[in-house]
Amino acid sequence: MLPCQRELFDIPRDVCFLNAAAWSPLPLAVQEAGRIGVARKGQPWKLAADFMPKQYERARRAAAALIGADPIDIALIPSVGYGVSTAGKVMSPPRGSRVLVLQDDHTSPVLEWMSRAEQGGFTVEQVQQPGDGDWTSAVLEAMSRKCAAPLSLVSISSVHWSDGGAIDLPRIAEAARQAGAAFLVDATHDAGVRRIDVKTLDPDFLIFPTYKWVLGPYGRAFMYVARRRQNGVPLEQTAPARKGVAAEQKVYFRDLSYADGARRYDMGERDHFITLEMAAVGMEMMAGWGNDPIVARLAMLTDRLADGLANSGVRVLDRRLRAPHLLCLQFPKGMDDDLPQKLAAENVYAAPRLGRLRISPHVYNDEKDVDRFVEVFRKVAL
């Protein structure tokens, strides 16, 4: 099990921050990378000619390492929504087919298809939140429903942000293959924590940002693109997406064919090396710790939370159905609107989400944080 990494962060001992699923604190090393990047921008004439290409590839490698990908299959993008919009330009659900999404999933893997459904002649079907919390079984049942329109796409998050329910991605991926459907994964609440191997999973697209679990900044995200989807038209038309468009050469538009691999889908203005290096440092830290030690630590903390909150009147998902790093409290009589503010007044931080209280520890949390939360929660909520 990974030891607590609190000393690598700027978190005072009296602060109990259990809200990584909203945004994680930046490690000191990531903060320092940002300061160095700002100084570089202050004196850009000192940058070597090969500085940016090396940064692109460092970040690509770091992202690829978290999900078992080859770097050539990773695109540099600004957000999950950007990635899903790119996927929407690359593939179009056929008329008369259906796209499967989760009820109340993040907007990114949902709204792209909802906004195009009427014009595209396909339907978007929401898998209703299961009463028993078993999202995987609910998705599989919806995928195999008889007399339904042909399934063309499953576009889902791998962990539901509001209740912490974990999706069994290999089972869904296999069912999608059997149905001849494409598979898009929003791995916002998974990449860097639970083990993901895209070479085995084989999704069409898998996308994640850096500002939550992989300890990076806003405005940076990464998209895995299966090679069968690497011949599409990018969302933006940029010089780096082409093989031979560069100001440094004598002929500007020398070769307009697209770059190989997922690089053709890179965002415009990818040269934001301040946040690119910050993202790389955070992802490298996560990869260095490894999925199994991270999961062991976070599962220990959420299990301790669940045990400490027993007989307090709240409900949590069964351990086998929830992600190891999110614990969402359900209140049978409803959660008080001011509960998060009462907790924050005690320097205890968690997030209200769709009538639940979402608790999301990370590697900087320890048993003292958990015990403190339980103590304060019982004082202000009961």
So for the range 257-275 (the condition being in the same structural domain as LEU66 (by TED's automatic domain parsing), out of contact with any Ser or Thr (no Cβ under 7 Å at 6 or more places or on another chain) and assigned to a strand (DSSP E or B)), does at least one residue qualify? yes
Would you point out which residue out of ASP336, ASP318, ASP271, ASP303 is under 26 Å from ASP197 (Cβ atoms) and in contact (Cβ under 8 Å) with a residue 24 or more places away in the chain? ASP318
In this structure, does ASP307 turn out to be closer than 25 Å to PRO3 by Cβ, exposed (fewer than 14 other Cβ atoms within 10 Å of the Cβ) and more than 24 Å from the chain's Cα centre (by Cα)? yes
Out of the residues in the range 366-376 that are among the hydrophobic types (A, V, I, L, M, F, W, C) and under 28 Å from the mean Cα position of the chain (by Cα), state the one that is surrounded by the fewest Cβ atoms within 10 Å (Cβ to Cβ). VAL374
Filter the range 310-345 down to residues that are more than 23 Å from the chain's Cα centre (by Cα), of a type in the set (Gly, Ala, Ser) and at pLDDT 95 or above, then give me how many there are. 2
If the requirement is being closer than 19 Å to THR275 by Cα, buried (at least 18 other Cβ atoms within 10 Å of the Cβ) and hydrophobic (A, V, I, L, M, F, W, C), which of these qualifies: ILE74, ILE36? ILE74
Count, please, the residues in the range 125-152 that happen to be under 12 Å from PRO94 (Cα atoms) and within 24 Å of the chain's Cα centre (by Cα). 1
The helices (runs of 4 or more DSSP H) lying entirely within the range 37-123 that contain at least 3 residues which are under 16 Å from ALA221 (Cα atoms) and among the hydrophobic types (A, V, I, L, M, F, W, C) are 51-67, 80-90
Considering each of ALA246, ALA306 in turn, give the residue that is hydrophobic (A, V, I, L, M, F, W, C) and assigned by TED's automatic domain parsing to the domain that holds ILE74. ALA246
Considering only the range 147-158, I want to know if a residue exists there that is touching a His at 6+ places or on another chain (Cβ under 6 Å) and either assigned by TED's automatic domain parsing to the domain that holds ARG320 or buried (at least 16 other Cβ atoms within 10 Å of the Cβ) (or both). yes
Test: residue in the range 281-298 that is β-branched (Val, Ile, Thr) and within 28 Å of ALA182 (Cβ to Cβ): no
Filter pass, TYR211 being surrounded by fewer than 18 Cβ atoms within 10 Å (Cβ to Cβ) and closer than 30 Å to VAL363 by Cβ: no
Go through the range 181-231 and report how many residues are over 24 Å from ILE294 (Cβ atoms), in contact with an Asp or Glu (Cβ under 9 Å, 6 or more places away or on another chain) and not hydrophobic (A, V, I, L, M, F, W, C). 4
Can you go through ALA63, ALA59, ALA48, ALA33 and tell me which one is assigned by TED's automatic domain parsing to the domain that holds ASP186, farther than 23 Å from TRP161 by Cβ and in contact (Cβ under 8 Å) with a residue 60 or more places away in the chain? ALA59
Among the residues of the range 98-106, are any polar (S, T, N, Q), modelled with pLDDT of 95 or more, surrounded by fewer than 17 Cβ atoms within 10 Å (Cβ to Cβ) and within 21 Å of the chain's Cα centre (by Cα)? yes
Counting residues that are modelled with pLDDT under 95, which strands (runs of 3 or more DSSP E) fully inside the range 165-250 reach at least 3? 242-245
Which members of the range 321-334 meet the condition of being assigned to a loop (DSSP other than H, G, I, E, B) and surrounded by 17 or more Cβ atoms within 10 Å (Cβ to Cβ)? LEU321, ALA323, PRO324, HIS325, LEU326
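The values are calculated or read from the model by the stated rules, or taken from the named source; none is laboratory data. Owing to the predicted nature of the structure, the values given are computational and were not obtained by experimental measurement. Virtual Cβ from ideal backbone geometry, glycine too; neighbours counted across all protein chains shown.
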